[in-house]
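Rule-based calculations on the coordinates, nothing more; no lab input. None of the values given here were measured: they were computed from a predicted structure. Cβ: placed from backbone, ideal geometry, glycine included. Neighbour counts: every protein chain shown.
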Amino acid sequence: MIVVTSPDIPGRRVSQVLGLVLGNTIRARHLGRDIQAVLRNIAGGEVHEYTKMMAEAREQAIDRMVDEANALGADAIISLRFQTCEVMKGAAEMLCYGTAVTLQPED
């Protein structure tokens with residue numbers, strides 16, 4: 001599955017728009033990670049525990065979106081976007097969405 005943030009793919013043309021596809025996940029903080037993060041916050045620098053958690057959340061959201069596009073018979077997802085928000089104290093949603101399409105070679 002080709003997944004891009006652009007509205008087109010060089011060398012290909014969109015032959016059919018299948019519609020919006022999305023994937024999401026909600027992740028909660030973990031007490032062990034919180035303790036490490038607090039200590040790192042005191043010392044300064046990147047909070048690796050949360051960076052890793054958000055990277056895992058992005059990958060899971062993408063996988064779910066791709067599964068939805070596959071079910072529609074898509075070749076690609078164009079105009080990919082991400083959004084995140086806090087849904088409750090200590091838990092955040094990672095959402096990704098795009099347009100599922102079928103492709104043809106450019107003439």
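Rank by packing, highest mean first: peptides 20-26, 3-9, 86-92, with packing defined as the count of other Cβ atoms within 10 Å averaged across residues. Display every interim value, and only then the final one.
Details: 20-26: 17.6, 3-9: 12.9, 86-92: 11.1.
So the order, starting with the most tightly packed, is 20-26, 3-9, 86-92.
Need one number: convex hull volume per residue for the range 60-107, Cα atoms only, in Å³. All intermediate terms of the calculation are to be shown ahead of the outcome.
On the way: hull volume 3.2 nm³, N = 48.
Here the figure is 67 Å³ per residue.
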